[in-house]
1. If you take the residues in the range A:179-195 that are more than 19 Å from the chain's Cα centre (by Cα) and of a type in the set (V, I, T), which one is nearest to the other protein chains (Cβ to nearest Cβ)?
2. Which of the strands (runs of 3 or more DSSP E) found entirely inside the range A:470-546 contain at least 3 residues meeting this: farther than 13 Å from A:V559 by Cα?
3. Could you tell me which of the residues A:I530, A:I538 is surrounded by fewer than 21 Cβ atoms within 10 Å (Cβ to Cβ) and over 30 Å from A:G429 (Cα atoms)?
4. When you scan the range A:131-149, how many residues do you find that are surrounded by 22 or more Cβ atoms within 10 Å (Cβ to Cβ) and under 22 Å from A:G52 (Cβ atoms)?
5. Restricting the search to the range A:439-451, which residues are touching a helix residue (DSSP H, G or I) at 6+ places or on another chain (Cβ under 8 Å) and either of a type in the set (G, A, S) or at pLDDT 95 or above (or both)?
6. For the list (1) touching a Gly at 6+ places or on another chain (Cβ under 9 Å); (2) modelled with pLDDT of 95 or more; (3) surrounded by fewer than 22 Cβ atoms within 10 Å (Cβ to Cβ); (4) not charged (D, E, K, R), I need the number of the one condition that A:T481 fails.
7. Tell me yes or no: at least one residue of the range A:107-117 is more than 9 Å from every other protein chain (Cβ to nearest Cβ), at pLDDT below 95 and part of a loop (DSSP other than H, G, I, E, B).
8. Would you mind stating whether A:L423 is assigned to a strand (DSSP E or B), surrounded by 15 or more Cβ atoms within 10 Å (Cβ to Cβ) and modelled with pLDDT of 95 or more?
Amino acid sequence: MWHQFVHPGHQAVVRFAAAQAKPAGGAALGQVVIATGAAAVLTAGLLVLGAGHRSGRIGLLARLAARSERGLGGGMPGWAALPSLVSLISLVTALLGMYWDISLHISRGRDVGPLANIAHYPILIGLFGIFTAGVLAVVLPKGERPGAAAVRITRDWYAPAGGVLLAGSGFYALLGFPLDDVWHRIFGQDVTLWGPTHLMLIGGAGLSLVALMVLEREGRAARSDDSGPAVRPWVRDVRRAAITGGLLIGLSVFQAEYDFGVPQFRLVHQPFMIALAAGCALVAARLWIGRGGALLSVVFYMLVRGGVSLVVAGVIGQLWAVVPLYFAEALCVELAAPALARRPLWFGLVSGVSIGTAGFAAEYGWSHVVMRLPWTSDILPEGVIMAVTGGVAGGLLGALLFLGVQGRLPRPAVARPIFAVALVMIAAGVTNGLLITVPRDVRVSVALTDVGGDAGHRSAGARVTVSPADAVATPSWVTITAWQGEGLHVDRLVALGGGVYRTTGRMPLSGQWKTLVRLHDGRSIGAVPIYLPDDPGIGARRLPAPQRFTRPVQDERRVLQRELKQGVPGRLWTAASAVVLCCTLALVLALAWGVARVSHRLPVAGETRS
Amino acid sequence: MSTAPLASHSAVTAIPFFLPTIVVIAVIVVVVWRDRRRHPAEDEESTEEPGS
């Protein structure tokens, strides 16, 4: 039951590939049966292979582990090499599913059922793969203690801390699924990436890269003890570029709404998130890999994340998701390194400032080349302050991460306050970005022009008048956006002066499209619906688009997230968010514990180059 | 109503996605518990690492 979508624009061609007559309940039940079967097979496989390996009756895992010590896993024992490989493959799978899924939701809206959306499969497989990789790392070490940082399971069974954390990250991500259902049940479906439970799904995957860094450290330490076959330096560098490039991707997935051109939050969040991701991942990459490490890490980012965009848009035929110009931030880091790489925390700080200023300028220019919603002077100077905040927080975290996996973390009295300050800076930046106001007493008049198409494919241009005329001074965006009608249509309106704007093309006004004027200026974000379809699933009525009309600007969420239930008590939302926040803090603190543990228990690694 | 998008999924549909992790963790917990019962003397996590 899956729709073939052709391209953003109102002339989307829709084909229904399979029978449409299945009742929704029956479809959901069928999906539950499929999912249960797959889950049972996966669980049984994991348990049988794991138990068989530990009892010595099944040698498959041992053979796979031995084989993975070659190639990218070079210089690490199988218990670190195999899980690293499984994780990287799983993460790429989940990433592909995630961007595919977001694209489908933008162009189609809600799902018919949990597995009706084909893109949910790679997400599930990927997230379960991360958990599986962690379990493999826990199960594999047999007859040896995998380093001094290992965690005791039984009297003669120790698991690498990185493996435990990897399984924990996967667990946290998968925990997002049931919590997501509970969330939707209470609050209605939030058609945004930034629902708290959605953030768990992607955050768990993104942060698993930190666990991989810990596991890499433990694996390398184990091999330096018993001096196995020497690893070629370039193999180690490529592996580390894959891990830090993966971290860059993982920290960048929060930008996805911006990548597609339908952000539902303030534009200043985008430079903040870009700088945070770049600061953390690229500072760690430059320190961990050596000269050129930050650039190499961005090359990996571009290959994988750019590749996912190419596959989603080019091969699958969905929407295009742009990427930030991370090479500029990598250059900022590389340029600061010769003078400061020997003092990692100062290096992180200076790199963060440089990313937040020079990097911001580069991204500002880049946004005008590729982004559907290029940055405007409206985000100055706040965007720079946000970018510096994100860059410095990220740079400090990246430096701490590196120091941890090198066994050189400063004493807790120094490391803990720095870690806390970085987290507080992130919280402050996110909170500031979330302080949104709704324009009051602003009205928008729309006069349709150039109306065309039959009743089923109606489309039109428009002349849009905002009153009072000065309600939107220097906007971040004034667009007509249409989505969920088998495509995405984002039209940045041309200002004619005096609060009057015109379209540059025809917008869709029929079928399942949801078409609206979007206004964002400073802290205010508002919307005016132009056309909305009937939605019996949530009891919403059709809003037609007459030739001329005037409507008040309203809270954008009421339009973009019609599914949100109204009248849910605020404290319920606070309580539910607190639960998600606690789970997230638990994961972040667990990862910090792991980094500190390898730092304190494993010998100092003597392989830095600057 | 044939294929109207669901406004909310039934919570039961999420269980299979999550259950495998619970089962695997439960099995490991049982192994740990049995080990601790068999060797109560070495209960505390060893912190005296050689070479740390």
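1. A:V182
2. So the answer is A:477-483, A:488-492, A:494-497, A:500-502.
3. That would be A:I538, the only listed residue that is surrounded by fewer than 21 Cβ atoms within 10 Å (Cβ to Cβ) and over 30 Å from A:G429 (Cα atoms).
4. Count: 12.
5. A:V442
6. Here A:T481 clears every test but (3).
7. Yes; the residues of the range A:107-117 include at least one that is more than 9 Å from every other protein chain (Cβ to nearest Cβ), at pLDDT below 95 and part of a loop (DSSP other than H, G, I, E, B).
8. Spelling it out, it is not the case that A:L423 is assigned to a strand (DSSP E or B), surrounded by 15 or more Cβ atoms within 10 Å (Cβ to Cβ) and modelled with pLDDT of 95 or more.
The values are calculated or read from the model by the stated rules, or taken from the named source; none is laboratory data. These numbers were taken from a predicted model, which means no experiment stands behind them. Virtual Cβ from ideal backbone geometry, glycine too; neighbours counted across all protein chains shown.
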